[in-house]
Amino acid sequence: MVLAIHQLQVSYQQQSVLQGVDLNVRESEIVCLLGASGCGKTTLLKAIAGLVSTDSGDIVINQQCVNSDNRQIAPEQRNLGMLFQEYALFPHLNVGENIAYGLRKLSKDARKERVLKMLTLVQLPDIIDKYPHQLSGGQQQRVALARALAYQPNMLLLDEPFSNIDSKVKFELIRQIRDIIKRSGVAAIFVSHSKDEAFAFADTIALMDNGKIQQTGSPKTLYQKPNSPFVARFMGSLNEIQLCHLGKENRIWLQQALHLVKAVDQNACYTTLMIRPENLSRTQTSETLHSKSHSCDLDKLWIQGKVESTTFYGKQITVNVRCHQQLVSFYLDSKQRISVGEEITLYFSSENLLLANHKNSE
Ligand SMILES: Nc1ncnc2c1ncn2[C@@H]1O[C@H](COP(=O)(O)OP(=O)(O)OP(=O)(O)O)[C@@H](O)[C@H]1O
């Protein structure tokens, strides 16, 4: 384990900001601290870096506790590479000098060799003499990464590394930087409020809210198996279907069907179903709910409604279906035809119900 954090508490002026954070980072793992503004992501990163003091709990980096009561290890002795927004490149130094900045202990030849190795790693071999203002945002970010990796750190810490990058090139840069970090073999923690950046960059996401980590796992786990409604909502579009708002026919059928489905808790009293729009599909036939209820297809659940609106997004259409007081969204391939006012039947598989074992969703 490169990093092990246990029950970490941090406060600013007696105001509690981190409230018992646990986090482990393995060798070569890229972890994203994901969450909305103010939830404590940067504070956690700064606590790891030694830039804020901690109230209680342990931070262990490479088997060494860095924040024990009698000995707080200084930031520069933690051997961490940092890409904080405020740690931009030095404008008066060229690229080579920027990367060599922290390598004064090395001989001149070793320093030069390390700088060239880092520039090759970040795939910018020909810009050694250029100054930061002559580089694009993405190139500057890669040079900053080369500078951080040149120290051969235990771990990299990146605070919102892509926030100033134009969205057109952002995901290509994320791919490149992930590739560089993976090739270097170093573990990394990065902070972001964007789930899309987290999906593209991280092996593991730690989703934070209110000074706590709500769930840690692979992007797929958090998306498909969220442990709470908060996580389910944060990770992507979601239909929260209140059974009482569905209208009598839909409600009775769904309640009956849910009790028959073996995948869900037989004793639960379902009030809300959570399902992602991509897991709902339109039936091709004009069968009614009544005929469905007599079919034996227990894996599928059905809802009927009327198309209220459609929005074209190029590859797909988002369709909003009115089921009594409830709006339900799903996606349709944009080659398919659908009209506002059309009566349709949607189906979904019980295995795609999120939080199905919860008595209700809150
Ligand atoms: N130096 C400070 N003194 C007092 N309060 C602070 C300080 N730094 C941060 N805070 C507060 O601590 C809380 C967590 O801040 P933090 O910067 O860690 O959140 P964040 O999740 O990184 O947010 P953002 O995405 O906006 O950077 C916020 O309520 C913030 O106002």
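The values are calculated or read from the model by the stated rules, or taken from the named source; none is laboratory data. Because the structure is a prediction, the values reported are computed rather than measured. Note that we place each Cβ from the backbone using ideal geometry, even for glycine, and neighbour counts take in every protein chain shown.
Within the range 323-337, the residues that satisfy the criterion of being in a strand (DSSP E or B), surrounded by 10 or more Cβ atoms within 10 Å (Cβ to Cβ) and of a type outside the set (Phe, Trp, Tyr) are CYS323, GLN326, LEU327, VAL328, SER329, LEU332. Show the residue pairs meeting these rules: Cβ distance below 9 Å; 6+ apart or different chains; first residue within the range 335-354 and under 9 Å from GLY305 (Cα atoms); second residue at pLDDT below 85 and of a type in the set (Asp, Glu). Within 9 Å, the pairs are THR345/GLU287. Of the residues making up the range 136-153, those that are at pLDDT below 90 and in a loop (DSSP other than H, G, I, E, B) number 3.
If a residue counts only when it is buried (at least 22 other Cβ atoms within 10 Å of the Cβ) and within 13 Å of the ligand (Cβ to nearest atom), which strands (runs of 3 or more DSSP E) contained entirely in the range 1-66 have at least 1 such residues? Please lay out each step first, then the result.
Numbers: elements: 3-12, 15-25, 30-34, 56-61.
Passing ranges, in order: 3-12, 15-25, 30-34.
Listed by first and then second residue, the pairs with beta-carbon distance under 9 Å, at least 6 apart or on different chains, first residue in the range 272-292 and within 14 Å of LEU254 (Cα to Cα), second at pLDDT 90 or above and assigned to a loop (DSSP other than H, G, I, E, B), are MET274/PRO226; MET274/LEU238; ILE275/LEU238. Across the range 216-231, the number of residues qualifying as of a type in the set (Ser, Thr, Tyr) and in contact with a helix residue (DSSP H, G or I) (Cβ under 7 Å, 6 or more places away or on another chain) comes to 1. If only residues of the range 109-133 that are assigned to a loop (DSSP other than H, G, I, E, B) and β-branched (Val, Ile, Thr) are counted, the one that is nearest to ARG178 (Cα to Cα) is VAL122.
So that you can scan it fast, the table gives a plain yes or no per residue for (1) of a type outside the set (S, T, N, Q); (2) at pLDDT below 80:
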residue	(1), (2)
GLY211	yes, no
GLN214	no, no
SER218	no, no
ASN227	no, no
ASN239	no, no
LEU254	yes, yes
ALA257	yes, yes
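Look at the range 122-134: where a residue is more than 14 Å from ALA100 (Cα to Cα) and a partner is of a type in the set (D, E, K, R) and surrounded by 17 or more Cβ atoms within 10 Å (Cβ to Cβ), sitting 6+ places away or on another chain with Cβ atoms under 7 Å, you get VAL122/ARG142; LEU124/ARG142.
Does the range 14-46 hold any residues that are farther than 20 Å from GLN215 by Cβ and under 21 Å from the mean Cα position of the chain (by Cα), and which are they? Scanning the range 14-46 gives GLU27, SER28, LYS46.
Restrict the check to the range 164-178 and report whether at least one residue is farther than 24 Å from GLY35 by Cα and not charged (D, E, K, R). Within the range 164-178 (the criterion being farther than 24 Å from GLY35 by Cα and not charged (D, E, K, R)), the answer is no, since none of the residues qualifies. Set side by side, the residues ASP55, ASP109, ASP129 differ, and just one is acidic (Asp, Glu), farther than 24 Å from GLY217 by Cα, modelled with pLDDT of 90 or more and within 29 Å of the chain's Cα centre (by Cα), which is ASP55.
Tally time: how many residues in the range 186-223 are of a type in the set (Val, Ile, Thr) and within 9 Å of the chain's Cα centre (by Cα)? Don't jump to the end; show me each part of the working.
Here is the first cut: in the range 186-223, the residues of a type in the set (Val, Ile, Thr) are 186, 189, 191, 204-205, 213, 216, 221.
From the residues that got through so far, the ones that are within 9 Å of the chain's Cα centre (by Cα) too are 204-205.
Summing the residues that are of a type in the set (Val, Ile, Thr) and within 9 Å of the chain's Cα centre (by Cα) in the range 186-223 gives 2.
Residue pairs whose Cβ atoms lie under 7 Å apart, sitting 6 or more positions apart in sequence or on different chains, and linking a residue in the range 99-111 that is assigned by the TED database to the domain that holds LEU124 to a partner that is hydroxyl-bearing (Ser, Thr, Tyr) and modelled with pLDDT under 90, are GLY102/TYR151.
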